[in-house]
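Chemist: Please see the structure below; I have some questions.
The values are calculated or read from the model by the stated rules, or taken from the named source; none is laboratory data. Keep in mind the model is a prediction, meaning the values are calculated, not measured. Backbone-built Cβ (ideal geometry, glycine too); neighbour counts: all protein chains shown. Surface areas here come from the heavy atoms of the whole protein model, side chains and all, with no ligands, DNA or RNA. Shrake-Rupley method; radii C 1.70, N 1.55, O 1.52, S 1.80 Å.
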Amino acid sequence: MRLKFLTTLLFEAVYPGLFKHWQFANVPLNCWKDDEFIQENMEVLIFQQLRFSSYEEALLKVRKQHFFDYQLTGLFQMALALA
């Protein structure tokens with residue numbers, strides 16, 4: 001597991017800002033419990049990928065399938081646990 005995390009760090013060193021941890025098959029342990037990590041990923045999903053203009057628009061339009069389409073199933077599972 002440690003090697004997989006080091007791989008993500010290597011990508012970040014070589015391609016700074018291009019890849020996010022959640023884009024890899026394995027993410028760091030407990031990353032979906034980190035408020036900053038969740039906030040960053042929600043903002044990427046809502047504003048960059050889905051191109052919604054506000055949180056209010058996202059609240060009305062975001063669907064379960066969006067999380068699967070953008071490989072954010074861990075974030076979706078965390079949202080269900082909190083609901």
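Chemist: Select from region 59-83 the residues that are assigned to a helix (DSSP H, G or I) and either farther than 14 Å from Ile38 by Cβ or touching a Pro at 6+ places or on another chain (Cβ under 7 Å) (or both) and list them in ascending order. Even if it seems obvious, please write down each step before you answer.
Modeler: Of all residues in region 59-83, those assigned to a helix (DSSP H, G or I) come to 59-61, 64-69, 73-82.
Matches in region 59-83: Leu59, Leu60, Lys61, Lys64, Gln65, His66, Phe68, Asp69.
Chemist: Still on this structure, please answer the following. Only one of these conditions is not met by Trp22: (1) in a helix (DSSP H, G or I); (2) of a type outside the set (A, V, I, L, M); (3) more than 14 Å from Phe76 (Cβ to Cβ); (4) at pLDDT below 75. Which number is it?
Modeler: Result: Trp22 fails condition (3) only.
Chemist: Does region 59-76 hold any residues that are in contact (Cβ under 8 Å) with a residue 12 or more places away in the chain and under 16 Å from Gln23 (Cα atoms), and which are they?
Modeler: Within region 59-76, the first condition is being in contact (Cβ under 8 Å) with a residue 12 or more places away in the chain, and the residues that meet it are 62, 64, 66-67, 70-72, 74-76.
The answer is His66, Phe67, Tyr70, Gln71, Leu72, Gly74, Leu75, Phe76.
Chemist: Do you know which residues across region 45-58 are closer than 20 Å to Phe19 by Cα and either touching a Pro at 6+ places or on another chain (Cβ under 7 Å) or open to solvent by 100 Å² or more (accessible area, probe 1.4 Å) (or both)? Quick ask: steps written out before the conclusion?
Modeler: The first filter runs over region 45-58 and keeps only residues closer than 20 Å to Phe19 by Cα, leaving 45-51.
If the condition is that a residue be closer than 20 Å to Phe19 by Cα and either touching a Pro at 6+ places or on another chain (Cβ under 7 Å) or open to solvent by 100 Å² or more (accessible area, probe 1.4 Å) (or both), then Gln48, Arg51 are the ones that fit.
Chemist: OK, next. Is there a residue being at pLDDT 85 or above, among the charged types (D, E, K, R) and not in a helix (DSSP H, G or I) anywhere in region 27-49?
Modeler: If we filter region 27-49 for residues that are at pLDDT 85 or above, which is where we start, we get 35-36, 38-49.
In the following step, the residues that additionally are among the charged types (D, E, K, R) were identified as 35-36, 40, 43.
Now drop any that are not not in a helix (DSSP H, G or I), which leaves none.
No, because not a single residue in region 27-49 is at pLDDT 85 or above, among the charged types (D, E, K, R) and not in a helix (DSSP H, G or I).
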